[in-house]
Amino acid sequence: MIKYINALKNSKAFKIIENDINNDTLSHAYMLISEDDEALESLRTLIALRLYCENCCTVCRKCTQIINGNCPDILEVTDEKSIGVGKIETALDFAYLTPTEDEFKTVFILNAQRMTLQAQNKFLKTLEEPQDGVVIILTVDNENKLLNTIKSRCKKIKLELFPKEVIVNELVGNYSESQKEEAAESAEGLITRAQELLSESKAEEIIEALIMLKSSKDVLKVSTLDIWNNLNDALDMLEMVFCDIMYIINGMKNSVRNRKKTEKLLKLSEIYSNESIVNIDTEINKCREKLILNCNPITVLEGLLFKILEVNYLCRK
Ligand SMILES: [Zn+2]
């Protein structure tokens with residue numbers, strides 16, 4: 001599945017490439033720029049599809065190859081940390097071979113900002129003497145991280161910031177329209193940021209619920225909160241919150257994901273212990289299994305809340 005496909009298909013960024021393809025004016029090299037790395041990844045996949053399939057149908061043989069990452073005429077250069085000279089040399093070798101199936105080959109340098117200085121210099125040679133039948137596409141979070149000589153030889157395409165309405169339509173998960181709108185409003189044009197804000201707000205509600213859960217009397221009240229509507233998602237979030245509490249207990253504040261709620265997490269870290277959290281985690285996994293077996297989610301949730309209280313009582317500090 002390609003994330004944000006509708007927004008990206010209609011984006012100005014995608015239309016630039018599309019026009020170049022339609023007018024037969026493809027450049028030798030492009031630089032796709034966005035700080036939204038998920039949107040950027042989808043954009044470049046969509047461009048790959050468009051280069052080889054007019055409708056980006058996502059289902060034909062070519063599209064399937066591209067989506068599965070085994071298209072013989074596409075090379076993706078990427079590395080978690082840094083892209084060294086060796087990887088660029090491999091890309092250059094690939095570019096010199098004739099395409100196996102189509103008229104041209106495509107080389108993607110993903111997260112091109114990770115290229116070492118030597119790699120950038122090596123790569124520059126290819127940009128200076130472009131090969132026929134090769135399109136080079138770099139993705140980068142910030143163009144200033146690359147040598148000017150590289151920048152000046154690529155056609156730059158900056159993925160635009162999206163308006164609120166477009167972002168709202170791309171957001172997934174069990175959230176109300178107003179929550180989605182609020183997240184889209186605060187995301188400053190970045191779809192992935194909006195999605196993150198939504199999950200942060202969900203995590204915040206879960207933290208509040210845990211604070212509310214003091215004794216068995218509170219189980220009914222807590223279990224009827226909206227946050228549990230999609231219990232599978234909520235369990236993931238609950239697990240993440242407990243993980244944050246554990247980070248705090250063990251003095252690893254920098255690893256906490258819900259930083260804005262550190263104070264409330266601190267409060268919870270006084271109630272829960274490493275031992276109780278390990279046991280609670282086991283209980284959360286048991287709940288997932290019960291949901292797969294189609295047990296009633298409300299019963300599963302109530303059982304879990306009682307279990308959390310019980311485990312925490314038995315492991316009390
Ligand atoms: Zn296709």
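Read-outs throughout are calculated quantities, based only on the coordinates presented, and are distinct from any laboratory measurement. In this text the structure is predicted, and so the values were computed from the model without any measurement. Counting neighbours? That spans all protein chains shown, and the Cβs are built from the backbone with ideal geometry, glycine included.
Here the Gaussian network model covers the chain, with springs between Cα atoms less than 10 Å apart; of ASN111, ASN250, ASN232, ASN250 fluctuates the most.
Of LYS221/LYS264; LYS62/LYS158; LYS253/LYS286, which sit over 23 Å apart, Cα to Cα? Spell out each step's value before the answer.
Details: LYS221/LYS264 20 Å; LYS62/LYS158 27 Å; LYS253/LYS286 28 Å.
Correct reply: LYS62/LYS158; LYS253/LYS286.
The local environment of ARG259, defined by Cβ-Cβ distances under 14 Å, has a net charge of 0 under the rule Lys, Arg +1 and Asp, Glu -1.
By the rule of a C-alpha distance below 23 Å, with chain neighbours fewer than 8 residues away ignored, the lysines paired with LYS164 are LYS3, LYS9, LYS12, LYS15, LYS180, LYS202. If you run the Gaussian network model on the chain, springs between alpha carbon atoms under 10 Å, then out of SER255, SER11, SER199 the most flexible one is SER255. So what's the angle, to the nearest 10 degrees on a 0 to 90 scale, between helix 12-22 and the longest Cα principal axis of the chain? Approximately 30 degrees, to the nearest 10. Sequence-distant contacts, meaning Cα pairs under 8 Å at least 6 residues apart, place the relative contact order of the chain at 16 percent. Each 5 Å bin, from zero up to the one with the longest distance, holds this percent of the alpha carbon pairs of the range 203-314: 2, 12, 24, 26, 21, 10, 3, 1. Among LYS261, LYS217, LYS122, the largest mean-square fluctuation in a Gaussian network model of the chain, built with springs joining Cα atoms closer than 10 Å, belongs to LYS217. Using the Cα coordinates of the range 32-127, the gyration tensor eigenvalues translate into equivalent-ellipsoid semi-axes of 24, 17, 10 Å, sorted from longest to shortest. Think of it as helices only: each DSSP H run of n ≥ 4 in the chain is worth -39500 (n - 2.57), and spread over all residues that comes to -17500 deg cm²/dmol at 222 nm. Between LEU97, ILE74, PRO297, the Cα set farthest toward the positive side of the dipole of the chain (charges on each charged residue's Cβ, about the Cα centre) is that of PRO297. Counted over all Cα-Cα pairs of the chain, pairs farther apart than 38 Å make up 34 percent. Pairs of Cα atoms nearer than 8 Å and 6+ residues apart set the relative contact order; for the range 117-232 it is 17 percent.
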